[in-house]
Amino acid sequence: MLKGLMQDRPLLLSGIIEHAARCFPETEIVARTIEGDLHRYTYAQARARMKRLAQAFLKLGVGPGERVASLAWNTHNHFELFYALPGIQAVLHTVNPRLFPEQLVYIINHAEDRYLCLDAETLPLVEQLAPQLKTIEGYILLAPRERMPKSHLPNLLCSEELIAAESDDFEWPEFDEKAASTLCYTSGTTGNPKGVLYSHRAAVLQVLLSTAADTFGGYMPGTQEVIMPMAPMFHGNAWNTPFSAPLAGHKFVLPGRDYSAEKLYELIEGEGVTVTAGVPTMWLILTDYLDRTGRKFSNLRCSVSSGSAPPRALMDKMLNKYGVRLINCWGMTEALSATKGTPKPGTEHLPQEEIFDLMSLAGRSNLLCELRIVDDEGRPLPRDGIATGHLMARGPIIAGGYFKGENDPMDAEGWMHTGDVASLRPDGYVVLRDRSKDVIKSGGEWISTVQVEGIAAGHPAVLYAAVIAVPHPKWQERPLLAIVPRQGHTITREEMLAYLKGRIASWWMPDDVVIRTAMPISGTGKILKRELREEYKNYVLPSLRGDSAAE
């Protein structure tokens, strides 16, 4: 083999903040603190603090490969951990504070974290968990001393005092790019949460993909973009925005703890945000707020959506009423940057309805992520946009297993089971049909809950829509539609069914509709269908109880 004569330098996350501080030293990072005020500083100032914090962790004895947990919200203090810890070859383990306490205890003990970083908002939760945390040696509160609440936590340190005690005269070490960088556990929808352990190499490759114009879809050359992740930092590294914003030199805005529609809108408008990223439920809440208040956006152009399929009506409203293009991608904790959300080249002259048809799909295959679908026996299915099967993924940006080798998602050929049911089109688009655990099999035929939900959510009175399977003696399963009306609106079962008629296949029609005041929402902003299934597991459909309404 004739080798190329190129320099062999490791791909490390520390190189991103060095690049940002060197090329964009005055670009701002603006973050809402836990207390509610705004903190402003620059990439150059952030790098200096990250270097000080890195040295503080070294003095605490944190070594290569050792895990430090964060149970914190989207603040500048949390952002600094994304470089301080991976930069010294330690691992930042972001923990979701919205999970159940028993899940949090399991996750932290399973990861064997040595220290736990927290903020004033999560302090009461950590105090509750602390007696059960077996490996934690100390706690670091991400705040200055004057903002630290009183606490009985043992060995509670102040992050600002740790930073102040160090110098920013520090060189990031070099090491193998395959070293672990961050650790993020899945939300545990089936069994215990599972740890996805990213490497520096994979993270840098993911970030390079996500900053490409045809992946994110919101960037405009030569403009000062302002990026605000509505995805929490414990949700897939906030979709890598703590790395992609510095890499591209964008102003970075962090919403802190307050995710109310009013506060998000205040930041978007006040800081001139041009691109956001978040799950569709965030936008259902925000557009409902805009509808009620009559407010508009001055600068926002694009929002990247993932996690679940956005309703087509939401995409239409955001673009035509509020001037924001909703970019839909497929991905998961195990597969960040797996697809790109922009329409394929050559479609710019298509009518808007046809563009929406493309944008409502789950994105196009991205470089470094191979996708295929297989049947129940694992046999590959054609990429014709019609065949439907279990979605599999592989590539250097895809998880190759779970931390400590538990619940391995890989098949014998190195393909990862994603848990999604999909079709693949010849032009690279992913048509997401459902989650494997959510799809309804009625009389041997699949019903896509995703498609029914998307159409139901198009009704102007509907805020949330969720479809689950309930037992049926003849068809095995039939769909039940649960909806939450928008504030100030009402809707009946009969009105909902009349709206769906003619918009979906007749045998996809829900056998009943239940009107709710709220939906169970996960820590990552998704509707918790497992809770709905548990709640309605003994539900008797109208056709089975002889209701005249079912006729």
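How would you classify the stretch 120-261 from its alpha-carbon gyration tensor, with a ≥ b ≥ c the square roots of the eigenvalues: rounded for a/c under 1.5, else prolate if a/b is greater than b/c, otherwise oblate? If you can, show how the numbers build up before the last one.
On the way: a/c = 1.59, a/b = 1.47, b/c = 1.08.
The shape class here is prolate.
Neighbours of Leu85 by Cβ distance under 10 Å: Lys/Arg scored +1, Asp/Glu scored -1, total -1. State, to one decimal in nm, how far the label point of Gln476 lies from the label point of Leu497, with both points 7 Å from Cα in the Cβ direction. Computed distance between label sites Gln476 and Leu497 equals 2.5 nm. For the stretch 369-442, the solvent-accessible area works out to 44 Å² per residue, with a probe of 1.4 Å and every protein chain left in place.
Annotation: per residue accessible area for the stretch 95-218 equals 42 Å², rounded to a whole number [probe 1.4 Å, protein chains only]. Place a point 7 Å from the Cα of Thr223 along the Cα-to-Cβ direction; which residues of the stretch 289-320 have their backbone N under 20 Å from it? Under cut-off, by backbone N: 296-305, 315-320. The accessible surface of the stretch 365-456, taken with every protein chain in place and a 1.4 Å probe, is 52 percent carbon and sulfur.
Residue separation of Glu161 and Lys134 scaled by 0.36 nm, minus their Cα-Cα distance, works out to 7.1 nm of gained length. Simple rule: put +1 on each Lys or Arg Cβ and -1 on each Asp or Glu Cβ in the chain, find the dipole, and look at Gly63, Thr281, Val105; the Cα lying farthest toward the positive end is Thr281. With a ≥ b ≥ c taken as the square roots of the eigenvalues of the C-alpha gyration tensor of the stretch 46-111, please select rounded if a/c is under 1.5 and otherwise prolate if a/b is larger than b/c or oblate if it is not? Judged from the Cα gyration tensor, the stretch 46-111 comes out oblate (a/c at least 1.5, b/c at or above a/b). In the chain, the longest principal axis of the Cα atoms and the axis of helix 101-111 are about 50 degrees apart.
Treating only the Cβ of Lys, Arg, Asp and Glu as charged (+1, +1, -1, -1), what charge dipole size does the stretch 411-523 show about its Cα centre? Round to the nearest 20 debye. Could the numbers behind the result be given before it?
Numbers: 12 positive and 13 negative charges, 68 e Å.
The calculated dipole for the stretch 411-523 is roughly 320 debye.
Given +1 at the Cβ of Lys and Arg, -1 at the Cβ of Asp and Glu and no other charges, the dipole of the chain around its Cα centre is 460 debye to the nearest 20. Remark: spin-label model distance Leu38-Glu262 equals 1.8 nm, labels positioned 7 Å along the Cα→Cβ axis.
Could you give the length gained on full extension between Asp291 and Glu102, defined as 0.36 nm per residue of separation minus the Cα-Cα distance, in nm? Show your work: numbers first, answer last.
Working: separation 189, 0.36 × 189 = 68.04 nm, distance 3.90 nm.
The Asp291-Glu102 span can extend by a further 64.1 nm.
Of interest is the spacing of the C-alpha centroids, which for the stretch 226-252 and the stretch 443-479 amounts to 34 Å. Quick one: grab the alpha carbon gyration tensor of the stretch 414-499, order the square roots of its eigenvalues as a ≥ b ≥ c, and give me rounded if a/c is under 1.5, else prolate or oblate depending on whether a/b is larger than b/c. Oblate shape, in that a/c is at least 1.5 and b/c is the bigger or equal ratio. Per-residue SASA remark: Leu58, around 80 Å² accessible (1.4 Å probe; ligands, DNA and RNA not included). Applying both filters, DSSP loop and at most 14 other Cβ atoms within 10 Å, to the trypsin sites (Lys or Arg not before Pro) of the stretch 452-498 gives Lys474. Summing charges over all other residues whose Cβ lies under 15 Å from the Cβ of Gly331, with Lys and Arg as +1 and Asp and Glu as -1, gives +2.
Please report, in debye to the nearest 20, how large the charge dipole of the stretch 241-367 is about its Cα centre when each Lys and Arg carries +1 at its beta carbon and each Asp and Glu carries -1 there.
Details: 14 positive and 13 negative charges, 28 e Å.
For the stretch 241-367, the charge dipole is close to 140 debye.
Taking a point 7 Å from the Cα of Ile521 along the Cα-to-Cβ direction, the residues of the stretch 448-490 with backbone N closer than 16 Å to it are 462-466, 483-488. From its DSSP helices (H runs of at least four residues, each -39,500 (n - 2.57)), the chain gives a residue-normalised ellipticity at 222 nm of -8000 deg cm²/dmol.
Could you compute the net charge surrounding Gly256? Neighbours are other residues with a C-beta less than 14 Å from the C-beta of Gly256; K and R count +1, D and E count -1.
On the way: positive: Arg32, Arg40, Arg147, Arg257, Lys263; negative: Glu35, Asp37, Asp119, Glu121, Asp258, Glu262, Glu266, Glu271.
Every neighbour counted, the sum reads -3.
The values are calculated or read from the model by the stated rules, or taken from the named source; none is laboratory data. For clarity, every value in this text was computed on a predicted model and none was experimentally measured. In this analysis, Cβ positions are derived from the backbone assuming ideal geometry, glycine residues included, and neighbour counts consider all displayed protein chains. Ligands, DNA and RNA are excluded from the accessible area calculation, which covers all protein heavy atoms including side chains. Shrake-Rupley method; radii C 1.70, N 1.55, O 1.52, S 1.80 Å.
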